[in-house]
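The values are calculated or read from the model by the stated rules, or taken from the named source; none is laboratory data. What you are looking at is a predicted structure, and each value in this text was computed from that prediction instead of being measured. Cβ: placed from backbone, ideal geometry, glycine included. Neighbour counts: every protein chain shown.
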Amino acid sequence: MSKQHALLSASSAHRWLKCTAAPQMEQKFPDTTSTYAAEGTLAHSIAELKLRAYAVEPMSHATFTRRLNKLKKDELYQAEMDGYTETYLDYIKGILLSYDVKPYVVAEKRVDFSCYVPQGFGTADCLIMAHDELHVVDFKYGKGVPVAAANNPQMRLYALGALAAYQLLYQFKVVHMHIVQPRINNFSQETLGVDILKAWAADVVAPKAQEAASKDGGAFNPGEWCRFCRAKAQCKARAEAYAQYADVAHEKRDMTMITMSELGDYLKTAKLLKDWADDLQEYAQSCAMKGIHVPGWKLVEGRGSRVFTDMDAAFSKLMENGIDESVLYERVPLTLAKTEKAIGKKLFADLCDEFIERKPGKPALVPESDKRPALDLTPKATDVFKPIDEKGDH
């Protein structure tokens with residue numbers, strides 16, 4: 001997988017298309033990574049190997065096994081990665097098998113969309129080319145945020161790069177963009193005509209990209225897209241924008257009760273303010289840890305903990321003094337989730353599915369943009385009309 005990053009990358013397009021000042025602002029901060037990101041990179045490598053072995057680069061079973069075992073030696077490897085990457089491969093197999101003639105498949109293809117975005121490039125996980133149709137498939141290993149294919153600028157930019165790369169070989173008319181996010185069972189697709197995709201690129205992407213790449217550095221526009229911006233905590237524009245929300249409560253209105261419309265607006269505002277407050281807290285603590293004084297705040301020692309220096313020796317002494325071993329040790333079974341993670345999703349499903357009861361989750365309030373269907377709260381007849389007791393009692 002490519003380690004290079006473009007200033008105006010496809011993965012950050014959802015941000016710089018809204019806030020054109022973000023890319024150059026982020027250049028002032030280090031591009032740090034997390035354990036979750038490293039796990040995602042490893043899962044992508046396993047997914048890539050499986051895809052290559054199946055549809056791109058035929059290899060012997062021994063070669064495949066040797067390469068897979070090498071990846072499994074990584075300290076971040078978990079058995080469940082096998083199951084989730086198989087789900088990704090199965091999804092691609094479904095696309096390939098839908099055609100009478102096997103399409104051309106490319107894995108981890110670097111695509112260039114610089115005709116719309118200055119020095120713009122990215123790496124597409126999987127491209128599938130079949131006559132006049134192009135499929136762009138992206139594997140998402142994260143489970144924190146559901147990713148949708150609809151109106152997804154990253155996927156669209158990958159598609160534009162693929163169109164440019166293969167325009168001499170194929171006359172594509174339609175592009176299918178797929179998101180495969182198996183850890184949260186999220187699979188989505190957007191289909192666009194090539195003309196519509198190119199019009200979007202010319203009318204929306206190109207002007208914003210030129211603005212973001214200009215010497216002026218673009219314009220600040222804080223919003224929910226700040227979430228993954230490296231400058232989110234230190235950005236003055238974001239701070240000033242959120243500070244203005246306090247003025248909303250002082251507008252002339254009926255101050256006795258908030259309306260449902262106001263409640264909806266306040267919830268959106270509160271979510272943004274909470275995220276901002278969390279970012280400020282994290283930034284302030286990192287400054288304090290470096291010895292930088294934050295006026296009005298200080299570092300203190302949190303609640304400590306106690307640990308054995310030698311647990312075996314301590315337990316031996318306790319048992320020598322009459323404490324029964326059963327008091328000191330307990331046998332606790334793994335939870336369902338930990339069991340599935342330990343043995344792998346597919347094997348767990350094959351062996352334990354008959355022993356699993358799926359219970360509905362608790363009601364949760366989410367924005368209307370969430371793809372999950374709204375709960376049906378209409379009273380059922382059985383709830384309204386109670387059955388008459390067989391003995392005739394009422």
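Among helices (runs of 4 or more DSSP H) entirely within the stretch 257-343, having at least 1 residues that are closer than 30 Å to Gln244 by Cα and over 26 Å from the mean Cα position of the chain (by Cα) singles out 260-289. Of the numbered criteria (1) touching a residue at least 12 places away in the same chain (Cβ under 8 Å); (2) farther than 18 Å from Ser114 by Cα, the one Ala202 fails is (2). Taken together, the criteria place Thr378 among residues that are exposed (fewer than 10 other Cβ atoms within 10 Å of the Cβ) and at pLDDT below 85. Might you check whether a residue that is among the basic types (Lys, Arg), modelled with pLDDT under 85 and surrounded by 10 or more Cβ atoms within 10 Å (Cβ to Cβ) occurs anywhere in the stretch 237-258? Looking through the stretch 237-258, at least one residue is among the basic types (Lys, Arg), modelled with pLDDT under 85 and surrounded by 10 or more Cβ atoms within 10 Å (Cβ to Cβ). Within the option set Val180, Val175, being in the same structural domain as Val106 (by TED's automatic domain parsing), within 18 Å of the chain's Cα centre (by Cα), of a type in the set (A, V, I, L, M) and outside any helix (DSSP H, G or I) holds for one residue only, Val180. Summed over the stretch 100-127, residues that are in a strand (DSSP E or B) and under 23 Å from the mean Cα position of the chain (by Cα) total 12.
Okay, residues lined up against (1) crowded, with 16+ Cβ neighbours inside 10 Å; (2) in contact with a Cys (Cβ under 8 Å, 6 or more places away or on another chain):
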| position | (1), (2) |
| --- | --- |
| Ala6 | yes, no |
| Arg15 | yes, yes |
| Ala22 | yes, yes |
| Glu26 | yes, yes |
| Tyr36 | no, no |
| Arg66 | no, no |
| Tyr84 | yes, no |
| Asp90 | no, no |
| Lys93 | no, no |
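Between Tyr84, Tyr54, Tyr36, the distinction of being in contact with a helix residue (DSSP H, G or I) (Cβ under 8 Å, 6 or more places away or on another chain), within 22 Å of Met155 (Cα to Cα) and either part of a helix (DSSP H, G or I) or in contact (Cβ under 8 Å) with a residue 60 or more places away in the chain (or both) belongs to Tyr84 only.
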